[in-house]
Amino acid sequence: NEAGIRRTERDDEFLKQYNPNFESFNNIYSGFFPYAKVTAQLGRRHMFAAYYQYDKLDASGDREPHAERFNYRNTGGGLYGAKVTSIFSPNLSTEFAISFNNRTSSYSSLDDLAEYGLTGPQIEIHEETYLSGGLIQGTGVLVLAGNRQTATIGPSTYYQAKGDLTYFADDWNGSHEFKTGFFLARGTRHDTVNYLNDGFVEEKRVWIDKDNPSAGTIPFFRETYSPTVLQRVDNVDRDLGVYIQDSWNPTENLTLNFGVRTDFVNRHDNIFNFDRMNAVAIGPRLGFAYMVTDDGRTVIRGSLNRVHEQMNGRDYSTNVSVGGQVQRVQQYDNNLDGIFETTRTRSAETAALAENRISADLHQPYTDEAIIGMRRQFAGEIAVDAAFIYRSVKHRYGDLDINGFWPSG
């Protein structure tokens, strides 16, 4: 797939002033997506299924001022899974499934990044400059060239296994459908490393003579980072969930549902060797359905549930970086004499401060839900269903300002 970049004549003029040999180019999206599935009957009681999917995508995301291709990304990966469904008797059945994927964001490896052969800092060209707060600033980016400021290597893996057992009994004070099962997920998600262009990430320049671009440019701002490789995130997440529930028909007109699911969630930070989260999530569930009329045409139903958010390697608690900020040095040449006389430095973050980014009692967000409704079936195969639903989402992730103090400045 190709998508054009909407450049105006003015954009092309600036780009050719920077590089007389500039030729317009499109963004490119290229992917390979094979899929395979097999199912097999294993005797009379067992059904087996397995599948494979691959969805690697190479894409570019350059914009109007880009003088060359450098905003590449490489995403996707493989997905593998298998499932066995078994019926042992009219009363007992089971299902077990396993899966694995290594789908990634950004670049999946250094080899993918090296393939593009990009070097040097990102270069910004501005038409003019001005002083603001004592520091030189550009009037707006006309040309972007060189390289991207940082490149992210973000491999991830995710393993999942789950199983369910269903048992039906019809002579225990009415009929019962008992269910129990487990859910096990383990993932290393967003194992994120930033590569910072050998430390020199950005240089801003201005035309020496805006009326004569062939005179070239002069730099007025430079930014460097140290170290040049930053491990921002390295997490191992685990969720072990178990549940049990019963659907009970004490009479022909009434069905009662009750159960509970418990998840043991652990999210471990490998960079500073501490648990971002170590929590137990308990989710009870209650429900009923009552046939008001013996013909089954009018049914009242209701439920109360607490449902916890699934462990997700892309949610805020995983993505927030405690790997620390690198030391950043910004240099300014305020009078454009070739000497960078003004320097601003931001120190790297300490391990103690990084760990303080995560609350000690962090746990999964959850939703409390209450439903009451009625369904009525009329003649002519017309049915009307109306319900009132109350849903309260609680304990979402967010930032909290703890009003830090900095005694050493």
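The C-alpha atoms of the chain define a longest principal axis, and helix 9-18 lies at about 60 degrees to it.
What fraction of the DSSP beta bridges in the chain is antiparallel, stated in percent and rounded to the nearest 5? Each step should come with its number before you reach the end.
Working: 170 of 177 bridges.
Around 95 percent antiparallel, to the nearest 5.
Measuring nothing but protein heavy atoms, the accessible surface of the chain at 1.4 Å probe radius is 52 percent carbon and sulfur. What whole-number distance in Å separates the alpha-carbon centres of region 154-186 and region 62-76? Centre-to-centre distance over Cα atoms comes out at 45 Å. Dipole magnitude for the chain: about 1180 debye, using +1 per Lys or Arg Cβ and -1 per Asp or Glu Cβ, origin at the Cα centre.
Once the C-beta distance of residue 327 and residue 293 is scaled by a Förster radius of 51 Å, the resulting FRET efficiency is 0.10 to the nearest 0.05.
The length gained on full extension between residue 387 and residue 229, counted as 0.36 nm times the residue separation minus their Cα-Cα distance, comes to 51.4 nm. Count Lys and Arg as plus one, Asp and Glu as minus one, and take only other residues whose Cβ is under 10 Å from that of residue 383; the net charge is then +1. Could you please report the charge total around residue 244, scoring K, R as +1 and D, E as -1 over all other residues with beta-carbon less than 10 angstrom from its beta-carbon? Its environment carries a net charge of +1.
Annotation: per residue accessible area for the chain equals 57 Å², rounded to a whole number [probe 1.4 Å, protein chains only]. Measuring nothing but alpha carbons in the chain and taking Rh as the Kirkwood radius, the Rg to Rh ratio lands at 1.11.
Stretching residue 210 away from residue 16 to a fully extended chain increases their span by 68.5 nm, per 0.36 nm per residue minus the current alpha-carbon distance.
If r is the Cβ-Cβ distance from residue 395 to residue 93 and R0 is 35 Å, what FRET efficiency results, to the nearest 0.05?
The calculated FRET efficiency here is 0.45.
Comparing Cα centroids, region 210-257 and region 355-402 end up 22 angstrom apart.
Along its three principal directions, the equivalent ellipsoid of region 1-131 from the Cα gyration tensor extends over semi-axes of 53, 14, 12 Å, largest first. For the chain, the number of Lys pairs separated by eight or more positions or lying on different chains, with C-alpha atoms closer than 26 Å, is 9. Using a Gaussian network model of the chain in which every pair of alpha carbons under 10 angstrom is joined by a spring, one finds that among 297, 267, 357 the greatest mean-square fluctuation is at 297. When peptides 245-251, 328-334 are sorted by average Cβ neighbour count within 10 Å, with the highest value leading, the order is 328-334, 245-251.
The values are calculated or read from the model by the stated rules, or taken from the named source; none is laboratory data. Every value quoted in this text rests on a predicted model; they were computed, and no experiment measured them. Here Cβ is always computed from backbone atoms with ideal geometry, including for glycine, and neighbour counts include all displayed protein chains. The protein model used for the area step is the full one, side chains on, heavy atoms only, and it has no ligands, DNA or RNA in it. Shrake-Rupley method; radii C 1.70, N 1.55, O 1.52, S 1.80 Å.
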